[in-house]
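Report on one structure; see the data block that follows.
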Amino acid sequence: MIAPSRPRILMCPPTHFSVDYDINPWMTGNRDRIDQARAQQQWEDLYRHISHAAQVELIEHVPGLPDMVFTANAGLVYRDTAVPSRFRHEERAGEETHFTRWFSGNAFAVDALDGMSFEGAGDALLDRGQPLLWVGYGHRSDGHAAVALQRLLGVETVPLQLVDPRFYHLDTCLCPLSGGELMYYPAAFDAASQAAIAARVPEDKRIVVSEEDALAFACNAVNLDDLVILNRASPALRQRLGQAGYRVQETPLDEFLKAGGSAKCLTLRLDEPGLN
Ligand code: ARG
């Protein structure tokens, strides 16, 4: 019998991680405030938790590109195609060639979206219960990205408009789970997008998180089968996830919150659609 293959995840060790500029509200006031040793330890703890359930591949951190640790923004992987990010802010544009080279060197066909901003798996998340791709826009990715991705990948896309600057990427406020549930913070979306979610996901599959949990980056979770790895979750959210059959693993990532990122941002799923 062939053993089932493990999920594959791309991560980038935070060798040159820092906050050098300000492109989201979390970074404001945090310039040069990263404790390097602590960041390294927190990243290693996350790596360890993920390694229990997935095969982790690494890309080397390039000096001068501090946000490269957030590999969710390398691009979007769908089957053997990688759609590399086109960053909204020039501070991150230098990452594009490094990630594109990694994708090409690891047997992905690279197919970019032309003439628009798109920040990869930060703004494009596959549902786990139905064959559709949720695409966030409004802060980083352009509204056209959803249509372009549908044409390019042949997967149905649902555009969701993000309206709260604190939740500037889709993966900061929405997380599809392996059992088909959607964990999300509704107020990060405009009314039409909240309605679009409600129309697609039955109420018993919607796990609504509080503002407090959202601000602790609970939606920025890495979900591998029944394991949910996140920075922090309230007792109420842990109980709700437990009832739905998930094991919650908290792992502190506050050094990365200073840059506006957490568990999920630090990872990129390479086997999509996954085995979930
Ligand atoms: N400082 C980074 C930025 O503003 C954080 C990116 C977090 N990534 C994510 N997928 N949410 O771009």
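Just the accessible area per residue of the chain, please: how many Å² with a 1.4 Å probe?
On the way: 11240 Å² over 276 residues.
Normalised by residue count, the accessible surface of the chain is 41 Å².
If Lys and Arg each add +1 and Asp and Glu each add -1, what is the summed charge of the other residues whose beta carbon sits under 13 Å from the beta carbon of VAL69?
Numbers: positive: ARG92, LYS258, LYS264; negative: ASP20, GLU44, GLU60, ASP67, GLU95, GLU255.
Summing Lys and Arg as +1 and Asp and Glu as -1 gives -3.
Please work out the C-alpha center-to-center distance from the stretch 24-81 to the stretch 208-269 and express it in whole Å.
15
Counting helices only, and only those DSSP H runs with n ≥ 4, report the 222 nm mean residue ellipticity of the chain as the sum of -39,500 (n - 2.57) divided by its residues, in deg cm²/dmol to the nearest 500. Walk me through the numbers on the way to the answer.
Details: 8 runs with 68 residues, N = 276.
So the calculated ellipticity at 222 nm is -7000 deg cm²/dmol.
Please grab the % of Cα pairs in the stretch 103-176 that end up more than 18 Å from each other. Show your work: numbers first, answer last.
Working: 1011 of 2701 pairs.
The proportion of pairs with Cα distances above 18 Å equals 37 percent.
Ignoring ligands, DNA and RNA, what percent of the accessible area of the chain is carbon or sulfur (1.4 Å)? Don't skip to the end; give the middle numbers.
Values: 5540 of 11240 Å².
That fraction is 49 percent.
Hand me the GluC sites (Glu not before Pro) from the stretch 15-88 located in a DSSP loop with no more than 16 other Cβ atoms within 10 Å, in residue order please. Don't jump to the answer; show the numbers that get you there.
Values: sites: GLU44, GLU57, GLU60; in loops: GLU60.
Here the sparse-neighbourhood loop sites are GLU60.
Among bridges DSSP assigns within the chain, what percent are antiparallel (round to 5)? Intermediate values should be presented prior to the final figure.
Details: 17 of 36 bridges.
Restricted to the chain, the bridges split so that about 45 percent are antiparallel.
Evaluate the relative contact order of the chain (contact order divided by residue number), counting alpha-carbon pairs under 8 angstrom at least 6 apart; express in whole percent. Intermediate values should be presented prior to the final figure.
Numbers: 584 pairs, mean separation 59.3, N = 276.
21 percent.
Per-residue accessible area for ASP254 at 1.4 Å probe radius, Å² rounded to 10?
ASP254 has an accessible surface of roughly 60 Å² with all protein chains in place.
Between the DSSP loop rule and a limit of at most 13 other Cβ atoms within 10 Å, which trypsin sites (Lys or Arg not before Pro) in the stretch 70-155 are left?
Working: sites: ARG79, ARG86, ARG88, ARG92, ARG101, ARG128, ARG140, ARG151; in loops: ARG79, ARG88, ARG128, ARG140.
In loop regions of the stretch 70-155 (DSSP not H, G, I, E or B), the sparsely surrounded trypsin sites (Lys or Arg not before Pro) are ARG79.
What are the equivalent ellipsoid semi-axes of the chain, built from the alpha-carbon gyration tensor (square roots of five times its eigenvalues), in whole angstrom, biggest first?
Numbers: eigenvalues 113, 96, 82 Å².
That gives 24, 22, 20 Å for the three semi-axes.
Please report, largest first and rounded to whole Å, the three semi-axes of the ellipsoid equivalent to the stretch 3-68, where each semi-axis is the square root of five times an eigenvalue of the C-alpha gyration tensor.
Values: eigenvalues 148, 29, 24 Å².
Value: 27, 12, 11 Å, ordered largest first.
Just add up the charged neighbours of LEU215: K/R +1, D/E -1, any other residue whose Cβ is under 11 Å from the Cβ of LEU215. Present the calculation step by step, with values, prior to reporting the outcome.
Working: positive: ARG166, ARG232; negative: ASP164, GLU211, GLU212, ASP213.
Every neighbour counted, the sum reads -2.
Excluding ARG38 itself, what net charge comes from residues whose Cβ is under 10 Å from its Cβ, given Lys and Arg +1 and Asp and Glu -1?
Details: positive: none; negative: ASP35, ASP254, GLU255.
Spelling it out: positives minus negatives among the neighbours equals -3.
The values are calculated or read from the model by the stated rules, or taken from the named source; none is laboratory data. In this text, all values refer to a predicted model and were calculated from it rather than measured experimentally. Cβ atoms come from the backbone with ideal geometry, glycine included; neighbour counts cover every protein chain shown. Heavy atoms of the whole protein, side chains included, go into the accessibility calculation; ligands, DNA and RNA do not. Shrake-Rupley method; radii C 1.70, N 1.55, O 1.52, S 1.80 Å.
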